[in-house]
Amino acid sequence: MRLKKRKFKLTLPAGEINVVSLMDILTTLLFFLLIVASFSRLSFLTGSGVVSQTGSSSQEEMKPKFALQVIFNHHKSAFIWFGPYASLEVMNREELNRYLSQGFQGDEDNGYLKKIEAPNFQQLLVRIQESLIPLKKSFPMQLDAVMAIPDVLKYQEVIDAMGAVRGLSAKQKEFEVVDFYGTKQLTKVLFPSIVLSEWTVEKSEMSEKVTNQQIPQTPVNQSTKKISRMSKRAGGSHAS
Amino acid sequence: MLRKSHRHREPLEFSLNITSLMDVLTVLLFFLLKSFSVSATSHTAVQGIRLPASDVKGKFEETITVSLSSTEIRADGNVMVKLEGGRFRPIDLGADQRTLLPLYQYLQEQFNKKNQVFAESVSIAELPPGKILIQADKDLGFSHLKYLLHTAAVAGYSDYEFVVDNPEDN
């Protein structure tokens, strides 16, 4: 009798994984996350107000300062005032002079002013950004800008304006800046450090002066005077 | 003769298949883990205020929260100033017709309390400005907001943080 060859198939014993405790942990974690989950998408936008200038020394006052103001007249009109820059470091002075000679009024020692108009507020912001980009290219390290807001603008519009002056939106294309070390970089940042101020000049005064191609000293000085008055008041009342 | 056969009734077994339920819970769990962020502060929008929208994103810091609606101004949840007919009451305005006195007093107290530690070595007036978180309705005019900003600046809080809503990208 021949023995039958039996093929033994080696089989592993059936294994069990007890996932009960794992499920307990996951369920507890799930309920915890459900309780603490918050689906709001809040963020914040920074700005600053006028502060007292009581600490400044005479040397600091004599130091040349970059001065840029974006003055909103109303929803469809705004001004960009760019202060004297004769003693400031400029990336490309000739290019800046060429840019300022088109559309701006003024000179290097007294500053420049440009009126911007648009059919609606959003387009006004876009045109303001287009005007600020060359200034940013000329002063890549400067971050400060003053925004003068009239009472007619709503809070949402103020936020939109601040966002526009701070930088370009995600949908807009970046622009190239070159710093004083020669480093090129693409950026969307314009002037993120914004100081808010109030704008209360009569519309007729501003439009008349710009039409006559004169530097409207009065509105700008009024704005500056308002700022300094608020500063003194702030410093005096706060000190008391 | 028939025998009574006693059938031994076996207890019924009832099984519930929860495989798909576990799948759903696991997916939900991973989704919540992904969107969960640990933050020391939490901010909720005040009722009656619709925040403006903006693309800017920033992390909150622990600071005083002031909310401005068409009817009142609150600081840290406490009503400071009430508006009547959309205007501030003359009794709440200071001599400069710009400072909101109840809010100014509250902010100044908070500023002094916060910087009491440094009061011995340096004058409070020389300290850096404090931060203030501002929530306001998006349809309010700047004519209302400027009072709040001025009062905060005068009280030592000239570093503003405007709370905005980040809408979803289209």
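Rolling a 1.4 Å probe across all protein chains gives A:Glu176 an accessible area of roughly 90 Å².
For the chain pair A and B, the interface hides roughly 4100 square angstrom of accessible area in total, found with a 1.4 Å probe.
What's the FRET efficiency of A:Asp179 with A:Ser101 using the Cβ-Cβ distance as r and R₀ = 41 Å, to the nearest 0.05? Between A:Asp179 and A:Ser101 the formula returns 0.95.
Rounded to the nearest angstrom and listed largest first, the equivalent-ellipsoid semi-axes of segment A:72-209 from its Cα gyration tensor are 25, 19, 13. Compactness of segment A:67-125 is given as radius of gyration and Dmax, 12.7, 37 Å, from Cα positions.
The mean number of Cβ atoms from other chains found within 10 Å of a Cβ in peptide A:23-36 is 3, as a whole number. Averaging over all projection directions, the Cα-based convex hull of segment B:51-118 occupies 6.6 nm² in the image plane. Calculated FRET efficiency, B:Leu16 to B:Asn166, Cβ-Cβ distance, R0 = 41 Å: about 0.45 to the nearest 0.05. Two numbers describe the Cα atoms of segment A:114-171: Rg and Dmax, which are 11.8, 33 Å.
Segment B:96-161 gives an Rg/Rh value of 1.02, both radii derived from C-alpha positions and Rh following Kirkwood.
The values are calculated or read from the model by the stated rules, or taken from the named source; none is laboratory data. Source: prediction; values computed, not measured. We place every Cβ from the backbone using ideal geometry, glycine too, and count neighbours over all the protein chains shown. Ligands, DNA and RNA are excluded from the accessible area calculation, which covers all protein heavy atoms including side chains. Shrake-Rupley method; radii C 1.70, N 1.55, O 1.52, S 1.80 Å.
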